[in-house]
Structures are given as C-alpha cells and as structure tokens.
Amino acid sequence: MLDELEQLKRLSAKVGRDLTLTQGAGGNTSLKQDGQLFVKASGKWLANACEEPMFLPVDLERVRRAIPVGREDTDAAKPLIETPLRASIETSFHALLPQSVVVHVHSINTIAWAIQREGADRLEALLTGLEWRWVPYIRPGLPLTRLMAERLAPQVNVWVLANHGLIVAADTVAEAEALLNEVESRLAIEPDPQPWEEEKLKGLCANGQFQLPKHPVAHQAALGKRRVRHAIEGSLYPDHTVFLGPACASINRIDQFRKQWKMEPKAVVVEGAGLLLAAGVSDGAQEMAACLGLLLERVDAVGDVVYLHREEVCGLMNWDAEKYRQSLT
Ligand SMILES: [Zn+2]
C-alpha cells in the first residue's frame, strides 16, 4: 500500500490537472505526520506533484504558535530541510486545522457560489448535513487563518472561502478525496458555453500586441453582456488579481483602463467574440484566463456577484509573498 504522502501526491496531481479545481500555481494540499506538516511549496503547480519535489516539511507546532502573533506565514513555516523553496503562502490554515489531510482548491463551482452576495445563505441548502463554515473574504495568509480560527470547531471539515475557494479536511487522503467529490457534486453548476469568433480575434492579434488564450474556454468570459460586465468591473478572487491584474479591459475602452489602473491590461474582452491576452503573459495568466471563462460560463445561472474592494486588489498586487510566487510561475 502506498504511504499517505505518496497518496497525497497522487491526489494533488489529479486535482492539479483538473482546470475546474486548480489553475496554475493555485491550490495547495498538506499532510500532518509525526509533528511535521508536509505542505506544498509556494509557486509550484499541483499538477506536477508526482514529478517534482514540492512537499516541504515544516514544524507544525511552530506554525500553530505563530498564528495569533506572527506577521506572515513564512516566518514560522521555514522548511526543516535545506531547500531554495518556500512553503505555501497559505501554510498557516493547513496547520490550524486538526485533520491530518487538508486539500485547498480554487474550485470553479465553489467560487461561482462564493462570489454571490447571498452566497452563504444559498449554500445553506446545498451543503445541508455537512459540517461546513463560510468565511468572509479576507486576504489569504495569516489574516484568513485567524478568521478561520474564530470559526473553528473539531467536527468542521468543509470551508467555503468567500471570493476565493474551498478547503476540505479529513484524516486520510481517501476520505479527503471523497469529501471533495461530495462537495463538488453538490455545488456543480451546468456551464453554458457559447460560440466564439476565432477569425475576428486573430485579426485583432495581427499587430502583435495581443495573442489568443491557450485554453479556448477563456473566451467564454466575453460571450454575453453580463459576462463582459463581470470581467471588466473588477476582480472576483485573489489569483485573478495576482496573475491577470485588477480587471479585464474592454477592447473599446483600453484607455479608460490605463487611466484607472495606471497599467497595461493583461486580458481584454471583445464582447461577443472572445478574450485576448497581452503578448508575453505568464503561464499563470493563461491559467487564470481559463479560470475566468469557466467561472463566467456558470455564473449567469446563479446571480449577482461581489468584487474584491479596490484596497484589497491594490494590496494583493503589492504583496511581496505574491511577487515571489509570480516569479516562479
Ligand atoms: Zn487559495
């Protein structure tokens, strides 16, 4: 039988290859064993969990002790082995939770509910019978972990993080996977894919300023008035901000975007045709463009959304820990 860490790697790779659960370096998993917490390294892609070393042992008690008093996760989560890698920005909530196995994903189905104004109320019916908690949006890292600590109870094993994602926890990898599947099936939303206009988009790429997205599903973000509004009005979850910037620009209003955000847009929506990315964007940005398309082709059916506040967006774009993660992606 495979040991638990080996099983965790397999589950991580499976979860990491599923774009509806994980995009790029997002999401992280961990295992507690003999006083150590094995947690995914920052910037690494779960999809590669079986091919490259990415689980770093950190001192579980040390990370736990730092939760109420620490300044940032990385202070206490120094790996117990010699490595150039850093532990995940989100290590502290892995340490906080009592269960041995913790799986955190940026699940599209979860995010579609977790960006709703009435999200917590609506999930009440969908998740009935499960021991779950809603956590209002707060910056990932120690602030999030402290908010979770206020809501912690030993039996709670499902956490919905507003404008962010999902955490499931269990005592074995197999149980964590089963719980993840259960939550995913309860929160599943049927997507409504629309046709995009490849030729028109190619024409707009002719001057070399833009490129087509690697994942065609990204176009869905531009196919419909409401989707376009959601794409250009702001950022719905932290990784969008970190990898794609504060919002998408509308092709007709790029100047307005530049004026508002003092930067060039990384993603541009062409209403009714599809989505373009700036030439040379990172692989992480490509993944986040797919994330947005997958999300917005589901959100139409659900309701009205809440964006991150401008201060939250600016904070994420200037956060050192995030700059490190982006540099790896
Ligand atoms: Zn996250």
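Just so it is clear, none of the values below were taken in a lab; they were calculated from the coordinates. No experiment lies behind these values; they were computed from the predicted model shown. Ideal geometry is used to build each Cβ from the backbone, glycine not excepted, and the neighbour counts take in all protein chains shown.
Per-residue answers, yes or no, for (1) farther than 26 Å from Ala162 by Cβ; (2) away from the ligand (no atom under 13 Å from the Cβ); (3) surrounded by fewer than 17 Cβ atoms within 10 Å (Cβ to Cβ); (4) of a type outside the set (Val, Ile, Thr):
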residue	(1), (2), (3), (4)
Gln23	no, no, no, yes
Leu60	yes, yes, no, yes
Ala66	no, yes, no, yes
Ala76	no, yes, no, yes
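I'm checking my understanding of the structure. Among residues of the stretch 5-17 that are surrounded by fewer than 16 Cβ atoms within 10 Å (Cβ to Cβ) and out of contact with any Leu (no Cβ under 6 Å at 6 or more places or on another chain), which one is farthest from His94 (Cα to Cα)?
Arg17
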### Query
Going by the structure shown, is Val183 surrounded by 21 or more Cβ atoms within 10 Å (Cβ to Cβ), farther than 30 Å from Arg71 by Cβ and within 16 Å of the ligand (Cβ to nearest atom)?
yes
## Note on the structure
In the set Leu80, Leu126, Leu142, the lone residue that is free of Cβ contacts under 8 Å to residues at least 60 places away in the same chain and of a type outside the set (Asp, Glu) is Leu80
#### Entry: Out of Arg64, Arg71, sole residue that is of a type outside the set (Gly, Ala, Ser), outside any loop (DSSP other than H, G, I, E, B) and more than 19 Å from Glu6 (Cα to Cα)
Arg64
## Note on the structure
Inside the stretch 25-43, the number of residues satisfying the requirement of being within 13 Å of the ligand (Cβ to nearest atom), part of a strand (DSSP E or B) and either surrounded by fewer than 16 Cβ atoms within 10 Å (Cβ to Cβ) or among the polar types (S, T, N, Q) (or both) is 3
### Query
Can you name every residue in the stretch 1-25 that is touching a strand residue (DSSP E or B) at 6+ places or on another chain (Cβ under 8 Å) and either closer than 29 Å to Pro216 by Cβ or without any contact (Cβ under 8 Å) to a residue 12 or more places away in the chain (or both)?
Leu11, Ser12, Val15, Leu21, Thr22
### Message
I'd like the full set of residues that are within 16 Å of Gln260 (Cβ to Cβ), of a type in the set (D, E, K, R) and within 16 Å of the ligand (Cβ to nearest atom), limited to the stretch 226-248.
### Response
none
### Scope the stretch 92-109; condition more than 11 Å from the ligand (Cβ to nearest atom) and more than 18 Å from Leu142 (Cα to Cα); matching residues
Gln99, Ser100, Val101, Ile108, Asn109
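The rows are residues; the columns are (1) of a type in the set (Gly, Ala, Ser); (2) under 25 Å from Gly70 (Cβ atoms).
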| residue | (1), (2) |
| --- | --- |
| Gln116 | no, no |
| Ile138 | no, yes |
| Thr145 | no, yes |
| Ala169 | yes, yes |
| Pro193 | no, no |
| Glu197 | no, no |
| Pro216 | no, no |
| His219 | no, no |
### Query
Mind checking which pairs have a first residue in the stretch 176-199 that is of a type in the set (S, T, N, Q) and a second that is in a helix (DSSP H, G or I), Cβ under 8 Å, 6 or more apart or different chains?
Gln194/Gln220; Gln194/Glu297
### Query
Restricting to the stretch 245-274, what's the tally of residues that are more than 20 Å from the chain's Cα centre (by Cα) and in contact (Cβ under 8 Å) with a residue 40 or more places away in the chain?
8
### Query
Among the residues of the stretch 232-272, how many are surrounded by 20 or more Cβ atoms within 10 Å (Cβ to Cβ), closer than 19 Å to Gln209 by Cβ and of a type in the set (Gly, Ala, Ser)?
4
